[in-house]
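So the structure is just underneath, and the comments pick up after that.
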Amino acid sequence: MPELIVENLCVRFPSWQGELTVVNQVSFQLGSERLGIVGESGSGKSMTARAVLGLVRPPGKVQADRMRFDGIDLERMDARGWRSIRGRRVGMIMQDPKYSLNPVQRVMDQIAEIAMLHSDMGKRKTRERVLEMLSEVGVEDPARVANCYPHQLSGGLGQRVMIAAMLINSPDLLIADEPTSALDVMVRGQVLQLMDREIKRRGMGLMLISHDLNTVARYCDRVLIMYQGRIVETCAADRLFEAQHPYTRGLLACLPSVETRGKKLSVLDRAAINAEMPAYG
Amino acid sequence: MTLHAWLIDDAPASAWQAQCGGYYRGLRRAMRSPSTVFGIVSVLGIVLIALLAPWLGRVDPNAQDILARLQPASAQHWLGTDQLGRDLWSRLIFGTRPTLLIVVLVALLSAPMGLVVGICSGYFGGWVSAVLMRITDVFMAFPRLVLALAFVAVLGPGIVNAVLAITITAWPPYARLARTETLAIRNSEFIHAARVAGIPTWRILLGHVLPLCIPSTVIRVTLDMAGVILTAAGLGFLGLGAQPPLAEWGAMVAAGRQFIFDQWWVAAVPGAAILLGSLAFNLLGDGLRDVLDPKNA
Amino acid sequence: MDDALLTVSHLDVFYKRGRESFQAVRDVSFEVQDGETFGLIGGSGCGKSTILLVLSGLDGHWRGEIVLDGVVRKDGQRASAGHSTQLQMVFQDPYGSLHPRHTVDRTLSEPMRVRGLEHVEQRVLEVLEHVGLDSRFRFRYPHQLSGGQRQRVAIARALVLQPKLLLLDEPTSALDASVQAEILNLLMDLKKQLGTTYLFVSHDLGVIGHLCDRVAVMQQGSLVETLAPENLVELRGTHPYTIELFQNSQYA
């Protein structure tokens, strides 16, 4: 199984107060497992995923001691090299299907285009494959959906289409950046379960980026917790609720539920957390 | 506390300080781009020249000297003389006045008109919008110079009439722009919040919608200034704008046309001034776009 | 019940898109008691936000009857001038609900000034203190504030007129979990201090369960059931949709 190795990844952006380090010395490895990255906004979790896929736009600067996928050096990749990786070996699912699907292209044409980019199947065969793929991701009426434009689909259906498009080339790794936060509560679970099922079935790797501890605990094997650009804690997903770091503990404690009725929610003690943070970087 | 610290203070003590801080940050942003600085300096330069014309002009721009007509540049006449022996340097300097006057008057008349029509149309929608926008369409459908020509032909030539003619053709794009902006602003949550807070409609229009429409209009007006200078020059060239003997760049080019092959500088000098003036306003507009764009705020 | 602050009866709301008319809310009736926190929960597009728009007077295409603190409105009738002192609203998006070019001071004082109230300055400082912001924030622009601070300002704006009923349209769904906790605590504190009645709309069962006394469950424009406190605590619904909603909330 190909492996993603990231060592001491830093992403910096210039700002008028000097350079801003958005991702700070992040290291992890990811094989055929489900890795979750949790953190609040501005923790650098999305930027980490973007850096791995070479999607950090200038003036942002990416730097790492090592960043390899299946032995390929991702740091010295040109546009053509990226094309052979993105979509083919690594798929990416973004937050809102509304923005990641092309609004003026039918679903069929979009998925077929992605499929044809990376394989030399005939047109007819590709179309059959697309319909097959759509039904695999739980679309009840693939022929009708394939003929739709993205704005005619609901959020949940749109995200299924997105998943189908990303899985059609059987990538080795799927990166999902908050795949359900734009969706209705009722379909979130369904979409996540679907993603989970396909990943297990294909033995792929998953990098799931989320702000929601419960989601990550349920659908991942291992979890990285990020705060202010750094990984503050790594733990097995089933032990997430026993995590030690004050930030993780704080995040767990501040979630409201029926059990916290009438009580004050505990709030992150940012001063204490910052005191625990290592002073490097 | 230094002025700089006072201006960038994160916790301003008064509305006045907050306002100044906002302007200061905008100015600093503008100063980062060399072309914006060039635009600002040039426009300021033109304004200064217009104010100081009597001192810079050296001689009366209308003083004729038939014996020294169509002379090339020399120590006495820095840029040469025209067909009536008038000093071109002097006329160029004094020519900034009618040009600026036209530009400023057109901006002051057409931008508010466009804003009022656009904001009302965008905010109220329905038949108000339909009526106002059809009127706008009518004015937009006319070719600009032709409408201005017709207008001047009816009212008679002159600077004031040229300004009116240009204004009438200049406001519809601002109305369109303001309407588009207002449509987006109208449905934003802060307008909803203002309505729920019981703030009267006229206050919402003036205090909430207008300030957000002004930046794009200012940018557009500044960029259009170049066009206005050219239209004014065009009217002057056709003899429908400024009347002789008033020194106006367009009229000067028109006069120089007869001698363009032998005494090219007579037309080239005011022509270059028109070019520089439009360029300055264009660069200033570009810079303003960077500064005023709410995305950078 | 005679101590109802808000009574909504047989509310229908229509939208026109081109020639098609679409019914966003269908025959919804509920009551909010004085001093309670009433929740409205449902998936996206179920009509819960539409109800808030109608109540706040921003939407005119409705039929039915709304009685707020004894004042009756019927069938699309516009709100009267005093409406804004009875009811205020906090919006979902803290980045979109504050005017980008107005300072915090202007945002808070304008509703009072248009009403010609006195001691505006004093009141602004007082509300800022209520929502946990010190006076340093008074002359800042929204872009100088974090998401949580903006939402505090939005809550302060809703409170300056001392409304009886506060409509909260998913006020924490755009915020990080830790900031959400701060805002929820603030809302609870304010309620204890001021006794304001809340109508809280959310899709998040955790937030609703934490905060609300009673909750109404909505599905596709209709109100399917209202849960009493004891049923809410145990997440015990009777309608199939409610049961499904509660189950799904645990999986997402």
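No value in this document is a laboratory result; all are computed from the given coordinates. Computed from a prediction, not measured in an experiment: that's the story for all the values here. Cβ placement follows ideal geometry from the backbone for every residue including glycine, while neighbour counts extend to all protein chains displayed.
Once label points are set 7 Å from the Cα along Cα→Cβ at both B:Thr2 and C:Thr238, what is their separation, rounded to one decimal in nm?
7.3
Under 20 Å from the Cα of A:Lys125, which aspartates and glutamates turn up, not counting those fewer than eight places away in the same chain?
Qualifying aspartates and glutamates at Cα under 20 Å: A:Asp109, A:Glu113, A:Glu136, A:Asp141.
Within the set of other residues whose C-beta is less than 12 Å from the C-beta of A:Val139, count the net charge using Lys and Arg as +1 and Asp and Glu as -1.
It works out to a net charge of -2.
Work through the residues other than B:Ile8 whose Cβ is under 12 Å from its Cβ and net out their charges, Lys, Arg +1 and Asp, Glu -1.
Working: positive: B:Arg25, B:Arg28; negative: B:Asp9, B:Asp10.
Spelling it out: positives minus negatives among the neighbours equals 0.
List, largest first, the extents of the alpha carbons of chain C along their principal axes, each in whole Å.
Principal axes ranked by extent give 51, 42, 41 Å for the Cα atoms.
Once the other residues with Cβ under 12 Å from the Cβ of A:Gln25 are scored (Lys, Arg +1; Asp, Glu -1), what is the net sum?
Values: positive: A:Arg12, A:Arg230; negative: A:Glu7, A:Asp65.
Net of charged neighbours comes to 0.
With a Cα-only, solvent-free Debye model of the range B:233-297, what are the log10 I(q)/I(0) values at q = 0.22, 0.25, 0.27 Å⁻¹?
-0.84, -0.98, -1.06
Quick one: pull the percentage of alpha-carbon pairs in the range A:143-268 with a separation above 17 Å. Before the final figure, lay out each step's value.
Details: 5092 of 7875 pairs.
Result: 65 percent of Cα pairs exceed 17 Å.
State, to one decimal in nm, how far the label point of C:Asp189 lies from the label point of A:Ala253, with both points 7 Å from Cα in the Cβ direction.
1.7
Where Rh is the Kirkwood radius over the Cα pairs of the range C:17-113, the temperature 25 °C and the viscosity 0.890 mPa s, what D in µm²/s does Stokes-Einstein return?
Numbers: Rh = 15.9 Å.
This corresponds to a translational diffusion coefficient of 154 µm²/s.
To the nearest 0.05, what FRET efficiency results for B:Trp127 and C:Ser9 with a Förster distance of 45 Å applied to their C-beta separation?
On the way: r = 33 Å, r/R0 = 0.74.
Result of the calculation: an efficiency of 0.85.
Based on the alpha carbon coordinates of the range B:13-296, what radius of gyration and maximum Cα-Cα distance (Dmax) apply, in Å?
Final numbers for Rg and Dmax: 22.2, 77 Å.
Which aspartates and glutamates does C:Lys74 reach when only Cα atoms under 12 Å apart count, and residues fewer than 8 places away in its own chain are ignored?
Within reach: C:Asp12, C:Glu65.
How many percent of all Cα-Cα pairs in the range A:31-85 sit more than 19 Å apart? Walk me through the numbers before you get to the answer.
Numbers: 517 of 1485 pairs.
Roughly 35 percent, once rounded to a whole number.
Neighbouring Cβ atoms within 10 Å as the yardstick, rank B:Ser129, A:Ser46 fewest first. Mind showing how you got there, number by number?
Numbers: B:Ser129 18, A:Ser46 22.
By the 10 Å Cβ count, ascending, the order reads B:Ser129, A:Ser46.
Could you tell me how many cubic angstrom of Cα convex hull volume the range B:191-250 has per residue?
Values: hull volume 6.4 nm³, N = 60.
Hull volume normalised by residue count: 106 Å³.
Using alpha carbon coordinates only, what is the Rg to Rh ratio of the range B:149-297, with Rh defined as the Kirkwood radius?
Rounded to two decimals, Rg/Rh equals 1.15.
For the residue pair A:Ser181 and A:Asp196, what label-to-label distance in nm results when each label sits 7 Å from Cα along the Cα-to-beta-carbon direction?
Output for this residue pair reads 2.0 nm.
Lysines within cross-link reach of C:Lys192: Cα-Cα under 24 Å, excluding same-chain residues under 8 positions apart?
Reachable lysines: A:Lys263, A:Lys264, C:Lys164.
Please work out the FRET efficiency for the pair A:Tyr149 and B:Leu27, using the Cβ-Cβ distance as r and a Förster radius of 56 Å; give the result to the nearest 0.05. Walk me through the intermediate numbers first.
Numbers: r = 46 Å, r/R0 = 0.83.
Once rounded, the FRET efficiency stands at 0.75.
Once every Cα of the range C:174-223 carries one equal point scatterer and solvent is ignored, give the base-10 log of I(q)/I(0) from the Debye formula at q = 0.17 Å⁻¹, two decimals.
-0.60
Using a 10 Å cut-off around each Cβ, can you sort C:Met218, A:Met277 from fewest to most neighbouring Cβ atoms?
Least to most surrounded, the residues fall as A:Met277, C:Met218.
Picking from A:Ser210, A:Ser15, A:Ser154, which is most flexible by a Gaussian network model of chain A using Cα springs under 10 Å?
A:Ser15
Quick one: compute a quarter of the convex hull surface over the Cα atoms of the protein assembly as shown and quote it in nm². Before the final figure, lay out each step's value.
Details: hull surface 176.9 nm².
Averaged projected hull area, Cα only: 44.2 nm².
How big is the range C:1-40 by Rg and Dmax over its Cα atoms, in Å?
14.0, 42
How large is the Rg to Rh ratio of chain A when both quantities use alpha carbon positions and Rh follows Kirkwood? All intermediate terms of the calculation are to be shown ahead of the outcome.
Details: Rg = 19.7 Å, Rh = 20.0 Å.
Using Cα coordinates only, the ratio equals 0.99.
Arranged by the count of other C-beta atoms within 10 angstrom, fewest first, what order do C:Ser222, C:Ser49 take? Show your work: numbers first, answer last.
Values: C:Ser222 16, C:Ser49 19.
So the ranking, lowest neighbour count to highest, is C:Ser222, C:Ser49.
How many percent of the alpha carbon pairs in the range B:26-159 exceed a separation of 22 Å?
Working: 5677 of 8911 pairs.
Considering the range B:26-159, 64 percent of its Cα-Cα pairs are separated by more than 22 Å.
Distance from the Cα centre of the range B:69-140 to that of the range C:222-243, in angstrom?
Here the two parts' Cα centres lie 68 Å apart.
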